[in-house]
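So the structure is just underneath, and the comments pick up after that.
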Ligand code: HEM
């Protein structure tokens with residue numbers, strides 16, 4: 001059995017688990033929840049073996065030490081590792097808090113990432129390491145970055161749930177914030193899906209697809225008419241989310257998840273993620289840059305965005321200490337923090353230029 | 001700050017700088033301006049940024065937008081006066097805020113824990129009561145159990161009850177300050193680097209020596225010694241053009257004397273007297289093929305070998321074989337097209353090859369030999385010509401840096417790691433256990449607090465309760 005079969009199995013398991021978790025959220029059947037957990041765990045085990053197998057395959061091809069053969073060297077591998085961390089963190093939370101209802105928020109993130117891998121058709125081949133990546137710091141830097149990203153993803157989903165449950169009125173800033181965030185998230189994904197379906201055949205690689213064809217099928221369409229219609233549909237969709245967001249609130253508040261628990265999980269995952277990100281993402285990254293490029297800090301877009309992300313979470317930690325900021329405002333900062341994470345991780349590679357080579361292959 | 005008295009202007013300024021609100025504002029401003037700085041390419045030629053701005057503002061408004069951002073210093077924003085000013089505000093905020101709060105925190109850290117009255121204990125965030133039947137022994141059990149969970153309890157009498165109290169980790173309250181201090185240390189290190197160090201580059205052709213490096217803009221920086229590039233080479237993965245390693249063989253010279261030699265690769269630089277040379281790029285010296293020296297090893301059928309240095313056009317002989325080779329042509333990157341015709345596909349030396357004509361008594365043959373394909377080294381008559389290098393045509397591009405501040409930065413990083421660990425994973429824990437004996441049973445009241453991670457401390461308290469209950473049962477049996 002090779003690693004890609006196991007990766008396929010874990011993908012199927014996570015998508016299945018997503019459906020089950022959502023069904024569990026909707027119908028509150030305990031058995032459904034248990035099956036969802038079991039399937040998630042099975043997917044996790046399959047993925048763990050898949051990563052180890054790929055590590056072994058890479059080691060055999062790569063002609064270098066076992067530590068340098070860690071499969072974390074391109075966009076595909078790092079996304080897989082991100083999903084692995086995310087599911088691990090989620091399972092820990094599920095067992096610690098004995099509550100599986102927000103599996104319905106975490107498994108969709110995992111499934112979306114896996115779908116993104118599949119749709120974008122990015123290279124899943126094992127590639128040998130370019131010279132800049134041949135460093136033992138790669139292992140700790142990338143691994144710790146992704147562990148912290150996964151923890152931030154958890155705080156994002158609990159923060160969002162907190163806002164959903166806690167908001168009362170449609171004209172409340174926090175309510176507008178979360179409906180807008182969720183709406184834009186879905187619209188961007190849908191628009192990218194359309195780009196993919198429209199241009200896939202004429203474009204050779206995902207890099208080109210995203211760099212030159214992003215939103216060309218919709219908002220940036222050559223036909224002005226289609227662009228205008230796209231904006232209209234997006235606006236209508238945003239309105240619908242705003243108008244019927246309370247439905248989601250009913251579903252979630254029907255659950256035995258107190259807002260304190262949500263706030264607690266949000267804080268705890270950031271309190272874990274922040275030091276890990278500081279050490280692994282910023283400090284080890286700086287040490288590595290120092291060895292590879294002779295500059296521990298060069299303000300390249302990836303570094304700067306890591307710093308921006310760091311500031312967002314420092315802001316979060318400090319805003320909890322400010323009078324009148326507890327609760328919804330703090331949760332909004334947590335949600336925005338993860339937007340910064342996504343941009344640091346994907347946006348910088350795909351939209352900006354710089355020294356970091358992920359996604360450049 | 002004192003209240004009641006009229007606040008002076010200085011007090012007001014101090015208050016502003018002592019507030020976490022200002023910190024939040026500065027975080028937001030630095031984050032937002034930095035975002036702009038990542039969209040506009042820093043220190044790039046104008047055309048590039050205008051192209052980026054066209055995407056946001058359209059053809060007509062882009063030049064004006066460019067002018068606007070350029071005036072505001074956004075095209076080299078991390079060195080602009082206002083960004084440095086923001087960093088300065090940030091540091092002042094951090095320092096003032098810490099000084100403002102330190103006395104209070106210091107008191108909490110150093111003041112020893114007291115016994116407390118029941119009223120006070122009632123206000124603690126963690127509380128447990130339990131009753132142990134049977135007379136005596138409870139106090140000893142409490143003391144022993146507190147020791148078992150890692151506390152060293154003191155004992156006092158409060159309202160005729162016995163009270164055990166203890167605390168742990170009072171210094172962990174300083175974790176936040178250690179974290180903040182580390183930020184200042186890192187910034188200090190960065191400033192030291194700017195003032196006492198330099199960042200330069202050096203393109204050094206094979207075989208040449210330099211005693212200076214060049215700063216951006218062309219200014220020369222004397223190194224204080226000489227550096228020579230003995231050789232540069234690229235290793236590839238198998239027969240592909242995927243680079244595996246860039247390697248420069250360097251020699252450091254002092255007054256003509258060799259003092260150090262090292263082969264550097266990406267991620268493994270050479271450092272001499274505080275100046276570090278990093279492998280960063282490479283290239284080909286213009287019109288170089290004519291000066292390049294092919295380094296070959298000729299190995300005859302009977303195993304005699306000889307190293308040969310020859311230029312294009314030169315003739316050499318294979319030892320003892322009575323056969324002569326003449327180098328006719330050189331290609332830095334040779335490939336073969338569909339019709340079998342060789343052609344050069346790159347200016348850089350990716351796949352160097354030599355065309356050699358061999359003539360000997362009664363034989364004459366010719367062909368391309370490739371540096372990277374050793375199967376092309378074998379000649380039809382059983383002799384061999386190994387293509388080792390084509391030397392003297394490439395330069396190694398090195399980042400040259402001196403940064404006496406880097407150790408301060410690393411020290412700051414270590415302090416930050418320690419500070420963050422203390423801040424997030426440790427806490428100041430205090431516990432009071434009141435033991436009152438009445439009517440043949442012991443009433444035990446536990447009150448405790450932790451300034452962080454309360455849930456974890458609560459689990460410890462549960463353990464304590466479990467030990468008391470179990471210990472008591474064991475004692476009465
Ligand atoms: C403008 C500069 C800053 C000021 C004025 C400031 C101020 C403060 C203050 C007053 C606290 C509360 C201390 C307490 O709990 O008693 C605090 C906590 C903290 N600060 Fe800062 N800070 C600054 C910058 C930073 C930065 C850049 C970081 C990034 C590492 C940071 C990390 C923290 C952390 C991790 C905490 C603990 C948060 C918590 O209690 O959950 N601070 N800061």
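Just so you know, all these numbers are worked out from the coordinates, no wet-lab data involved. Fair warning: this is a prediction, and the values are worked out from it, not measured in the lab. Neighbour counts are summed over all protein chains in view; Cβ atoms, including those assigned to glycine, are modelled from backbone coordinates with ideal geometry.
Separation of the range B:356-427 from the range A:283-336 is 36 Å, based on Cα centroids. Would you mind checking the range A:172-192 for residues with the amide N under 15 Å from a putative spin-label position 7 Å along Cα→C-beta of residue A:237? Flagged as within label range: A:179-192.
Decide, for chain A, between rounded, prolate and oblate: order the square roots of the alpha carbon gyration tensor eigenvalues as a ≥ b ≥ c, take rounded if a/c falls under 1.5, and otherwise choose prolate if a/b is larger than b/c, else oblate. It is rounded, given that a/c, with a ≥ b ≥ c, falls under 1.5. The residues A:172, A:222, when put in order of fewest to most other Cβ atoms within 10 Å, stand as A:222, A:172. Kindly provide the helix-only [θ] at 222 nm of chain A, computed as the sum of -39,500 (n - 2.57) over DSSP H runs of four or more divided by all residues, to the nearest 500 deg cm²/dmol? Helices in chain A give a 222 nm mean residue ellipticity of -25000 deg cm²/dmol.
Against the main long axis of the alpha-carbon atoms of chain B, helix B:454-476 sits at an angle near 50°. Pairwise alpha-carbon distances in the range A:1-119 exceed 26 Å for 23% of all pairs. Computed over the range B:291-423, the P(r) tail beyond 19 angstrom holds 59 percent of alpha carbon pairs.
Look at the stretch B:349-358: the mean tally of other chain Cβ atoms within 10 Å of its residues' Cβ atoms is 0. Reducing the range B:81-108 and the range B:170-246 to their Cα centroids gives an inter-centroid distance of 31 Å. If you wrap the tightest convex hull around every Cα atom of the range B:1-114 and split its volume per residue, you get 153 Å³.
A P(r) calculated from all alpha carbon pairs of chain B, with 10 Å bins opening at zero, reads 3, 12, 14, 14, 13, 12, 10, 9, 6, 4, 1, 0, 0 percent. Computed from Cα positions, the angle between helix A:136-166 and the longest principal axis of chain A comes to roughly 10 degrees. The residues A:77, B:155, when put in order of fewest to most other Cβ atoms within 10 Å, stand as B:155, A:77.
As a rough footprinting exposure proxy, the listed residues B:304, B:394 were ranked by other beta carbons within 10 Å of their own, and the order from fewest upward is B:304, B:394.
Principal-axis analysis of the Cα atoms of chain B puts helix B:138-148 at an angle of about 10° to the longest axis. Inter-chain neighbour count for A:269-280: the average number of beta-carbon atoms from partner chains within 10 Å of each residue's beta-carbon is 3. Helical runs assigned H by DSSP (4 residues or longer) give chain B a calculated mean residue ellipticity at 222 nm of -12000 deg cm²/dmol, each run adding -39500 (n - 2.57) before division by the residue total.
With the highest mean first, a sort of the peptides B:395-402, B:225-232 on other beta-carbon atoms found within 10 angstrom per residue produces B:395-402, B:225-232. Peptide A:295-305 has a mean of 5 when you count, residue by residue, the C-beta atoms of other protein chains within 10 Å of its C-beta. For the range B:212-233, the residues whose backbone nitrogen is under 14 Å from a point 7 Å from the Cα of residue B:285, taken along Cα to Cβ, are B:228-232. Each peptide in B:257-269, A:17-29, A:227-239 receives the mean, over its residues, of other Cβ atoms within 10 Å, and ordering these scores from highest gives A:17-29, B:257-269, A:227-239. When each of the peptides B:208-218, B:377-387 is scored by how many other beta carbons lie within 10 Å of its residues on average, the order from highest to lowest is B:377-387, B:208-218.
When N is the residue count of the range A:37-188, what does its C-alpha Rg come to as a fraction of 2.2 N^0.38 Å? All intermediate terms of the calculation are to be shown ahead of the outcome.
Values: Rg = 18.1 Å, N = 152, 2.2 N^0.38 = 14.8 Å.
With N residues counted in the range A:37-188, Rg over 2.2 N^0.38 Å equals 1.22.
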